[in-house]
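A.B. asks: Take this structure, written in structure tokens, and hold onto it; I'll ask about it next.
Every number here is computed from the coordinates shown, using simple stated rules; none is lab data. Quick caveat, the model's predicted, so the values are computed rather than measured. Cβ placement follows ideal geometry from the backbone for every residue including glycine, while neighbour counts extend to all protein chains displayed.
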Amino acid sequence: MPDPRHRHRRRRHRRLDDGALLANLDGKPLADPRPLRFTAGMRRKTWHRNLVAIGLAGGFLEPLESTSMHLVQQTIQQKIALYQAHGRVTRFNSELFAETAWLQVMAGQNLLPESFHPFAALQPEDSVHAYLEAVHRSVAGSVALMPDHADYIARHCKG
């Protein structure tokens, strides 16, 4: 059950326009207000194709959570920019997604780095080629052991 104090704050803040909100700041605003339009409610479907809304994501949508959503969006934009600049993927603190998961997300979105990571230039070129060749052999060996897509579907996905 939501804290009733939050409900009160939400109602009170709805009555304030941008001018009134700006007047209550301690200092000069860093930018013009960018209102986030939001409709509170619950999801119609908690499972749609390959997306599942779990926990709070499936239970309700809270207008005050727009700040959290903005921070998530900003973090993803930073990750994309860092990756596009030179293929770098970072993991902060105890993020749920590992670096390999972020690489899969970037590849799935058809994002490519504009350049390579600067650390790669610190290694002799022949050792970089040897490393990449070893990775290639490892992946190729794993793929050779796997069934092709049609065989997998026939074996595991019969209705």
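A.B. asks: How much length, in nm to one decimal, is gained on full extension between A107 and S142, taken as 0.36 nm per residue of separation minus their Cα-Cα distance? Display every interim value, and only then the final one.
C.D. replies: Details: separation 35, 0.36 × 35 = 12.60 nm, distance 1.96 nm.
Using 0.36 nm per residue and subtracting the Cα-Cα distance, I get 10.6 nm.
A.B. asks: Work out, step by step, the length gained on full extension between A31 and H117: first 0.36 nm times the residue separation, then minus their alpha carbon distance; give nm to one decimal.
C.D. replies: Difference between extended and current length: 27.7 nm.
A.B. asks: If you take the beta carbon distance between L22 and S127 as r and set R0 to 41 Å, what does 1/(1 + (r/R0)^6) give as a FRET efficiency, to the nearest 0.05?
C.D. replies: Calculated transfer efficiency: 0.15.
A.B. asks: Under the Karplus relation 6.51 cos²θ - 1.76 cosθ + 1.60, θ = phi - 60°, what is the ordered set of whole-Hz ³J(HN,Hα) values for segment 91-97, x standing for Gly and Pro?
C.D. replies: 10, 9, 6, 10, 4, 5, 7
A.B. asks: Moving on to the next point. Enumerate the amide H contacts of G87 below 5 Å, restricted to partners 5 or more residues apart or on another chain; note that Pro and chain-start residues carry no placed amide H.
C.D. replies: When sequence neighbours closer than 5 places are left aside, the close amide H contacts are E114, S115.
A.B. asks: Got a sec? Charge dipole of segment 108-159, +1 on Cβ for Lys and Arg, -1 for Asp and Glu; which of H136, M146, H117 is way out at the positive end?
C.D. replies: M146
A.B. asks: Would you mind ranking I80, I153 so that the residue whose beta carbon has the fewest other beta carbons within 10 Å leads the list?
C.D. replies: Values: I80 15, I153 11.
With the fewest neighbours first, I80, I153 line up as I153, I80.
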